[in-house]
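Before any comments, here is the structure.
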Amino acid sequence: MTRHPLPIALPLIIALLCAAMLGGALLTQFWMGWEPCTLCVQIRLWLCVIGFSALLLSFVGLVKQNWLAFLFWPPLLAAAVMAVIDNAHVVLIETGVMESTSCSPFPFYSDYLPLHEYWPDVFMSGGICGQNHYSIFAIPFTVWTLLSISALFLLILFTLWRSIRPANR
């Protein structure tokens with residue numbers, strides 16, 4: 001049984017979707033004045049990790065060195081899971097299902113990788129978790145982001161499945 005080569009297009013689509021989601025987040029922040037909370041900023045970081053890892057996977061498929069893919073799948077999957085968890089956490093706080101005092105104005109990475117100092121426009125949180133009153137078509141913005149990040153996660157799982165399943169069935 002042979003394996004499918006790593007599909008180049010799917011990781012590239014994942015990277016482009018991450019760029020589009022980040023662009024949408026920045027558009028809502030700067031054009032619409034919606035301030036991101038700390039968890040929303042962390043989701044941006046996860047999207048950067050997903051997008052960069054997906055670009056590296058595309059490159060691995062392009063140079064036909066598929067054995068290198070094992071280096072980039074773990075951070076991609078971990079970042080995707082964390083993006084879904086952080087977004088679900090925000091939705092649960094916002095809807096009142098879960099109370100939380102853990103959403104501080106300082107992201108978890110601020111001591112190790114002070115992205116809020118390097119790119120404050122992208123990684124500085126100004127909102128408070130659970131106090132998001134932004135909506136599109138009467139659906140909270142955090143629900144839209146949870147749906148889109150969940151769809152991205154499913155695409156990532158599909159891409160992984162396509163890259164490891166046997167070619168001849």
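Before moving on, here are some points about what is shown:
- Estimated at 0.36 nm per residue, the fully extended path between F59 and S135 surpasses their Cα-Cα distance by 23.6 nm.
- Length added when fully stretched, M82-I164, from 0.36 nm per residue minus Cα-Cα: 27.2 nm
- Estimated distance in nm for a label pair at F52 and L92, the labels positioned 7 Å out from Cα along Cα-to-Cβ: 2.8 nm
- Inter-probe distance in nm under a simple model that places probes 7 Å from Cα toward Cβ, at S150 and A19: 2.8 nm
- Loop-resident sites, region 21-78, for chymotrypsin sites (Phe, Trp or Tyr not before Pro), counting at most 15 other Cβ within 10 Å (DSSP): W31
Taken together, the values in this text are just the output of simple stated rules run on the coordinates, not laboratory data. For clarity, every value in this text was computed on a predicted model and none was experimentally measured. As a convention, Cβ positions derive from the backbone with ideal geometry for all residues, glycine included, and neighbour counts pool all protein chains shown.
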